1. For the pairs LYS199/LYS294; LYS89/LYS135; LYS178/LYS298, note any where the Cα-Cα span goes beyond 31 Å.
2. Hey, what's the range 51-139 come to in accessible area per residue, 1.4 Å probe, Å²?
3. For GLN141 paired with ALA393, estimate the spin-label separation in nm (one decimal), with each label point 7 Å from Cα along the Cα-to-Cβ line.
4. Determine the share of the range 88-181's accessible area contributed by carbon and sulfur atoms, expressed in whole percent, with a 1.4 angstrom probe.
5. Any chance you could list the semi-axes, whole Å, largest first, of the equivalent ellipsoid that the Cα gyration tensor gives for the range 175-291, using √(5λ)?
6. Across the range 271-370, what fraction of all alpha-carbon pairs, as a whole percent, falls in each successive 10 Å bin from zero upward?
7. Is it possible to state the helix-based mean residue ellipticity at 222 nm for the chain, with each DSSP H run of 4+ residues giving -39500 (n - 2.57), the sum divided by total residues, to the nearest 500 deg cm²/dmol? What is it?
8. Which value, in Å to one decimal place, does the Kirkwood hydrodynamic radius take for the range 51-139 when every pair of different Cα atoms is included?
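The values are calculated or read from the model by the stated rules, or taken from the named source; none is laboratory data. Owing to the predicted nature of the structure, the values given are computational and were not obtained by experimental measurement. Quick reminder, even Gly has a Cβ in these numbers, built from the backbone with ideal geometry, and neighbours come from all protein chains shown. The area values use the complete protein model at the heavy-atom level, side chains included, leaving out ligands, DNA and RNA. Shrake-Rupley method; radii C 1.70, N 1.55, O 1.52, S 1.80 Å.
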Amino acid sequence: MWCRRLARLFSVPCRQSGSTGHRLLWLPGSRRTVPAAVARWHHTAPESLSCAWQLHGDHLELRYANTLMRFDFVWLRDHCRSASCYNAKTNQRSLDTASVDLGIKPKAVRVDETTLFLTWPDGHVTRYGLEWLVKNSYEGQKQQVMHPRILWNAEIYRQAQVPSVDCRSFLETDEGLKEFLQNFLLYGIAFVENVTPTKEDTQVLAERISLIRETIYGRMWYFTSDFSRGDTAYTKLALDRHTDTTYFQEPCGIQVFHCLKHEGTGGRTLLVDGFYAAEQVLRQAPDQFELLSKVPLKHEYVENVGDCHNHMIGVGPVLNVYPWNNELYLIRYNNYDRAVINTVPYDVVHRWYTAHRTLTAELRRPENELWVKLKPGKALFIDNWRVLHGREAFTGYRQLCGCYLTRDDVLNTARLLGLQA
């Protein structure tokens, strides 16, 4: 029906271009604009309704691949990919955006079956592939997922039978590394088997995919129950599910755990897909999901033990989403480190507590809990922006080593191997 309506509007006066099947609309100089009331749809050809467009006073409207897109004229000039405006070798813009007239309008527009052509007042011609426009328009981005993933609870993950990757394959082959990274990107966790249980070998493993992020804990760290850092994590007590370094302005992206020794009982690691839990909140109580994604909170780490003196503060909502498509990309959840709530007015704070309780209930559902017994030789990589971890209480001597990785470097390694990240 939409196409039929366009067909009836097709009889707008316009100047024909030289090639059959193309329509060219001339705008007579910068002194005049096209009133929205007289804007009309145009097609690439009378016999084809796959693409249609119309001009307004300040933007171009384009329908292609079942997507209705609107492009500001300045945007269309700024993103020109001609040789004088864009360096294809470096993939960088050459055009000085600040030099573009904010009132610019194209002098001529032509659209064929694959390409949009714009002629500007100075005679410069911009060409855009229609597929490129769909991919890069605001409307197109709303339909796309930045980071494909598989949400899971314990049963979903077990049924998927996600394989661990052998250490030698991980270190020596692109195939092994790619398999590992694909698992990690989809599920937020991944395992490497047959790792020599030393800190040095664990470091080699981590550096295969990323630079190690140095923090207040150093680069590679040993982890025992000696309470050396004055933190609950350095005890034998159980730890509830949480994400790490919520008190950083940018929480660490990836965490690596490798159990080097455990002479005792207990100590299983708890893993929960925070995005799966958040998805349940979005379905059941979208208003609460929105509140958790908009209310900023402080998380804090205060340490005065021995020579360690730190006071870290990170600010952000519990759920962080891309605003154009509401896709969740980071969860900041740590009840241990959450600071005094003094960033929320009284008439919002109670609703926030209700939303937080809803999310916590989902995170604590037994069916969402994946319990793993870490052992020497089995290294675990955790997406700290997505998967919460914890542990059960334990007895005896337990030693872990690990580190944090820079998220950008992990994603860069995945992209170089052809993965969407």
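1. LYS199/LYS294; LYS178/LYS298
2. 49 Å²
3. 5.0 nm
4. Within the range 88-181, the accessible surface is 48 percent carbon and sulfur.
5. After diagonalising the Cα gyration tensor, the semi-axes are 27, 21, 16 Å.
6. P(r) for the range 271-370, in whole percents per bin: 14, 44, 30, 11, 2.
7. That comes out to -7500 deg cm²/dmol.
8. 13.4 Å
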